[in-house]
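What follows is a short report on a single structure.
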Amino acid sequence: MPNEYLKYLQEVVDEDVRVLCEKEESYGDSWMKRGGIGAYFVMIRKYDRLDTVMPRFGYDIFKAIESDTREEGILDDVQDLRRYLTLIEAQIRVRGNIPSKPQTTIASTVLISQEELKKNSSYTKSVTPGGIRNIPRNPVETIPKPIHKSTEMESPFGYAPDLDDLNDLDNP
């Protein structure tokens, strides 16, 4: 598996939820006692701690964590920062004030089989954030079919990418 870290995501999330629930029993909502400004400063304090120590490691977060032998060290700060960010997002969801983000569709092509790809030279492979896709060689001549909402892919760029951005995907 090329991105082995992906198999640990659920474990990380589950641990965060467990720790947050335990802390809630002890501290309640003290992290936001002073409103949004207080929540920001509680969260940013964790970032400030990382920002202070990281120059010693050339800003290599992995090297810093692996070198730190303290019980409550750099990894603890990373975990706390992530958990505060999670609390902030959860609270904004409680308030029902999540700003809507426009969905930018990168491609509306359909995955085709390798056999069909070999038979039909009008398609080529392209690496996208969603995986390897078979896309039309000349998309200008190809009128894409409307796609179902569940097959749309949000742009990793936060905007409709130009050709230079898409070329960056092929040359990481």
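No value in this document is a laboratory result; all are computed from the given coordinates. Given the structure is predicted, the values throughout are model-derived calculations rather than measurements.
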Calc'd 3J(HN,Hα), region 32-47, phi into Karplus 6.51 cos²θ - 1.76 cosθ + 1.60 (θ = phi - 60°), Hz, glycine/Pro = x, comes to 10, 4, 9, x, x, 5, x, 4, 4, 6, 5, 5, 5, 4, 5, 5
Restricting to Cα pairs under 8 Å and 6 or more apart, the percent relative contact order of region 9-94 works out to 29
Convex hull around the C-alpha positions of region 7-90: the volume in Å³ per residue is 109
